[in-house]
Amino acid sequence: MATAFGLHVADEAATDFLAWYNPAAVGIRARLGGLPFPPVFTFWPWLLGLSAVTAILFALTPLAFAHKAWTVPVAVVFSIINIGNGLLHIAASIRLRQRVPGLFSAPLLIACASWLLIAAFHAR
């Protein structure tokens, strides 16, 4: 899952994800009456933040394989978020009839997150 997540981050960075995402986030904020959600990012903080998450995932991997109980809820939440993320990339591409940044790695992200979710439920 850590590798798939890292590849997804690289896919988004290489295809200028923020140029697509930030205007959409601003539009959503306007429709929500100025609520500061979803967040808007600049490139380096966004990339460094997601790179840190990727490094943390790699660091947690041995603990997950060691069946540390606290990793199960973390894996479930992370899996659900990433299944949704991958599905949003695919749905946006279908809806907009164009390839949105991150689309190429979205199926791998969904597959790995689904596997992690199944593995987490079997670990209980």
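Data overview
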item	result
Karplus-derived 3J(HN,Hα), 6.51/-1.76/1.60, for each residue of the range 58-72, Hz, glycine and proline x	4, 5, 7, 3, x, 5, 5, 5, 7, 6, 5, 4, 5, 6, 5
Cα→Cβ-extended label distance, 7 Å offset, between Val26 and Phe58, nm	3.5 nm
Three-way shape label, the chain, alpha-carbon gyration tensor, a/c 1.5	prolate
Rounded percent of accessible protein surface that carbon and sulfur make up, the range 14-124, 1.4 Å probe	75 percent
The chain - accessible surface per residue (Å², probe 1.4 Å)	61 Å²
Unit Cα scatterers, Debye sum, the range 55-98: log10 I(q)/I(0) for q = 0.18, 0.21 Å⁻¹	-0.62, -0.71
Estimated vicinal HN-Hα couplings, Hz - the range 13-30 in sequence order (Karplus 6.51, -1.76, 1.60; Gly, Pro = x)	5, 6, 10, 6, 3, 5, 5, 8, 6, 4, x, 5, 5, 4, x, 5, 4, 4
Evaluated at q = 0.14, 0.25, 0.26, 0.27 Å⁻¹: base-10 log I(q)/I(0), Debye formula over Cα of the range 82-124	-0.35, -0.75, -0.79, -0.83
Positive minus negative residues near Leu50 (Lys, Arg vs Asp, Glu; Cβ under 13 Å)	-2
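The values are calculated or read from the model by the stated rules, or taken from the named source; none is laboratory data. What you are looking at is a predicted structure, and each value in this text was computed from that prediction instead of being measured. Glycine also receives a Cβ, built like all others from the backbone with ideal geometry; neighbour counts cover every protein chain displayed. In case anyone asks, the SASA skips ligands and DNA or RNA and just uses the protein heavy atoms, side chains included. Shrake-Rupley method; radii C 1.70, N 1.55, O 1.52, S 1.80 Å.
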